[in-house]
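The structure appears right after this line, and notes come after that.
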Amino acid sequence: MAGPSGTTAGPSGTTAGPSGTVAGPSGITAASRGIAAGPSATTADPSGATADPSGATADPSGTHTAIETVFRIESPRIVAGVARVVRDVGIAEELAQDALVAALERWPRDGVPDNPGAWLMATARNRAVDLVRRRENYARKLAEIGRDPSAVAPPEEPADPDDIDDDLLRLVFTACHPVLSTEARTALTLRLLGGLTTAEIARAFLVPEPTVAQRIVRAKRTLATRNIAFEVPYGPDREARLGSVLDVIYLVFNEGYAATAGDDWLRPSLCEDALRLARVLSALMPKEPEVHGLTALLEFQASRTAARTGPSGEPVLLKDQNPARWNRMLIARGVAALGRAEATSSGAPGPYLLQAAIAACHAHAHTYEETDWPRIATLYGLLATRTPSPVVELNRAVAVSMAEGPEAALPLVDALRGDPALRDYHLLPSVRGDVLARLGRTAEARAEFERAASLTRNERERDLLLRRAAEQS
């Protein structure tokens, strides 16, 4: 699995990805959630989508549509606010779903409130308070008969001057806790913070819905049984936990930007969800340079989305993209975020800041030929020092091929052929094929492109690589 620095540059041949050129495989297997009936016996399907209690199939006034839209926007904050009360993200989500059911029952009759988000939050929190009171009453009764109430008593709110008093930020760090697998963190984040249903997550990652639901159920159970605190970690633990959070957001974006498998090259909705999460985190943690670095990286990458596919959805290589189709507003946002990252960085730049600087080189080039490849090669060298990996070295080799020529890059690429981590990595033969093609060694290049095509699981990418192989004649 490609890590936060695991994207691969492929200047003229392979696939554009989150570091500017060739996307490394995210390797994500989505895992989503399922919830049982909530505290008020609300019926929920395995995806967590609550059934409309009215059974209505028509929505002539548009009220149900409005409710669903508001809930999707507000649900992360509702779950976060309720989780602070009940200290359990699974129960918090059930209570949020109860509030949705209440809205479906009352709003068509009474009208949509002036502040629907606040109404949903108040309803969910009131039910959370009632639940906690019932727990406390039960605990007191247990204590009266001499039993230990500790298992049911709610934990005390931590009082620490360094605490970041934001429920949404607490939810981010809880959903991305290292005790969970990467797959579980990714799915839980998409469910709780991205508002995706199990079906949407399963479809995005080509995973069966029951598998997705069970993984999320286990993730929530793990958080509950291990008594994971609903908090932002303090001191040195924060940096380690923050890395997990950023990695999950990055991997979600990477999978949307260059899908690992399936018929679609892009999954824009995943990119949008990841970018939104990065922006939220950037606002919540304004003094963290890597948060701004990741946000800048995603802004720059998202700016090229419209230019990365042709009329039939086929991939368009970076060298063939029309810069006029790049979104200048997103580029401007990326520049601003990169500036904040640099302003808040006091030591050696982190991997996301470095990748954002690489992406900025592409964004600032008015034509492919004007790209500052020497600077990109230098930045990849720094990135290799900061986070050593064979994928980063492959990135650097591609940048060297553009800055110094394919002759200088081929030994760097060949040195990676024996690395076990790249044995089945389709972008290694793809990059080697590109270098060989530029050296005029067409027969060898064709064999490399064919091998790359046999390794990829994305149909669009396979077609591209086979087309490149056919061009070597």
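Any residue at all in segment 129-141 that is at pLDDT below 85, in contact with a Lys or Arg (Cβ under 7 Å, 6 or more places away or on another chain) and of a type outside the set (D, E, K, R)?
There is no residue in segment 129-141 that is at pLDDT below 85, in contact with a Lys or Arg (Cβ under 7 Å, 6 or more places away or on another chain) and of a type outside the set (D, E, K, R).
Would you mind finding the one in R375, R325, R432 that is among the basic types (K, R) and under 24 Å from A469 (Cβ atoms)?
The unique qualifying residue is R432.
Taking the options A469, A443, A452, name whichever one is surrounded by fewer than 17 Cβ atoms within 10 Å (Cβ to Cβ) and under 26 Å from A408 (Cβ atoms).
Numbers: A469 fails: surrounded by fewer than 17 Cβ atoms within 10 Å (Cβ to Cβ); A452 fails: surrounded by fewer than 17 Cβ atoms within 10 Å (Cβ to Cβ).
Residue meeting the stated conditions: A443.
Given the condition farther than 18 Å from Y250 by Cα and among the charged types (D, E, K, R), answer yes or no: does some residue in segment 289-306 qualify?
Scanning segment 289-306 turns up no residue that is farther than 18 Å from Y250 by Cα and among the charged types (D, E, K, R).
So which residues in segment 434-464 are among the β-branched types (V, I, T) and under 20 Å from R308 (Cβ atoms), if there are any at all?
The initial filter retains those residues of segment 434-464 that are among the β-branched types (V, I, T), namely 435, 442, 456.
Matches in segment 434-464: T456 only.
Limited to segment 348-391, what total is found for residues that are modelled with pLDDT of 95 or more, under 24 Å from the mean Cα position of the chain (by Cα) and of a type in the set (V, I, T)?
1
Here's a check for you: in segment 296-329, which residue that is of a type in the set (D, E) and closer than 21 Å to E459 by Cα is most open to solvent (accessible area, probe 1.4 Å)?
D320
Give me a count of the residues in segment 413-440 that are free of Cβ contacts under 8 Å to residues at least 24 places away in the same chain and surrounded by fewer than 17 Cβ atoms within 10 Å (Cβ to Cβ).
Qualifying residue count, segment 413-440: 7.
Could you list, in sequence order, all residues of segment 206-242 that are open to solvent by 80 Å² or more (accessible area, probe 1.4 Å) and part of a helix (DSSP H, G or I)?
E209, P210, Q214, R218, R221, T225, P236, D237, E239
Please list, ordered by first then second residue, the pairs with beta carbon atoms under 8 Å, 6 or more apart or interchain, first in segment 103-122 and under 20 Å from A83 (Cβ atoms), second open to solvent by 30 Å² or more (accessible area, probe 1.4 Å) and outside any helix (DSSP H, G or I).
Correct list of pairs: W119/P113.
Identify, from the list R72, R135, the residue that is without any contact (Cβ under 8 Å) to a residue 60 or more places away in the chain, surrounded by fewer than 22 Cβ atoms within 10 Å (Cβ to Cβ) and out of contact with any strand residue (DSSP E or B) (no Cβ under 9 Å at 6 or more places or on another chain).
From the options R72, R135, the qualifying one is R135.
Every residue in segment 382-412 that is open to solvent by less than 60 Å² (accessible area, probe 1.4 Å), among the polar types (S, T, N, Q) and free of Cβ contacts under 8 Å to residues at least 60 places away in the same chain, please.
Result: no residue meets the conditions.
Could you list, in sequence order, all residues of segment 338-350 that are assigned to a helix (DSSP H, G or I) and in contact with a Gly (Cβ under 8 Å, 6 or more places away or on another chain)?
L338, A341
Any residue in segment 270-277 that is touching a helix residue (DSSP H, G or I) at 6+ places or on another chain (Cβ under 6 Å), outside any helix (DSSP H, G or I) and open to solvent by less than 40 Å² (accessible area, probe 1.4 Å)? Before the answer, list the steps.
Applying the first criterion (touching a helix residue (DSSP H, G or I) at 6+ places or on another chain (Cβ under 6 Å)) to segment 270-277 yields 270-271, 274-275, 277.
Now drop any that are not outside any helix (DSSP H, G or I), which leaves none.
Checked against the condition, which is being touching a helix residue (DSSP H, G or I) at 6+ places or on another chain (Cβ under 6 Å), outside any helix (DSSP H, G or I) and open to solvent by less than 40 Å² (accessible area, probe 1.4 Å), segment 270-277 yields no hits at all.
Count, please, the residues in segment 416-446 that happen to be among the hydrophobic types (A, V, I, L, M, F, W, C) and closer than 9 Å to Q472 by Cβ.
Residues that pass the stated criteria total 4.
Determine if segment 251-259 includes at least one residue that is of a type outside the set (D, E, K, R), in contact with a strand residue (DSSP E or B) (Cβ under 9 Å, 6 or more places away or on another chain) and in a loop (DSSP other than H, G, I, E, B).
yes
What do you reckon, is T222 under 21 Å from P178 (Cα atoms) and modelled with pLDDT of 90 or more? Can you show your working first?
Working: under 21 Å from P178 (Cα atoms): yes; modelled with pLDDT of 90 or more: yes.
Here the answer is yes, as T222 does meet what is asked.
Please name all residue pairs, on different chains or six or more residues apart, with Cβ atoms under 6 Å, provided the first residue is in segment 277-298 and is over 11 Å from A337 (Cβ atoms) and modelled with pLDDT of 90 or more and the second residue is among the hydroxyl-bearing types (S, T, Y) and open to solvent by less than 10 Å² (accessible area, probe 1.4 Å).
Hits for this filter: E290/Y352.
Looking for whichever is in contact with a helix residue (DSSP H, G or I) (Cβ under 8 Å, 6 or more places away or on another chain) and modelled with pLDDT under 50 here; the options are G90, G38, G81. Which one fits? Walk me through it before giving the result.
Details: G90 fails: modelled with pLDDT under 50; G81 fails: modelled with pLDDT under 50.
Every option except G38 fails the conditions.
The values are calculated or read from the model by the stated rules, or taken from the named source; none is laboratory data. In this text the structure is predicted, and so the values were computed from the model without any measurement. FYI the Cβ positions are ideal-geometry reconstructions off the backbone, even for glycines, and counts take in every protein chain you see. The area values use the complete protein model at the heavy-atom level, side chains included, leaving out ligands, DNA and RNA. Shrake-Rupley method; radii C 1.70, N 1.55, O 1.52, S 1.80 Å.
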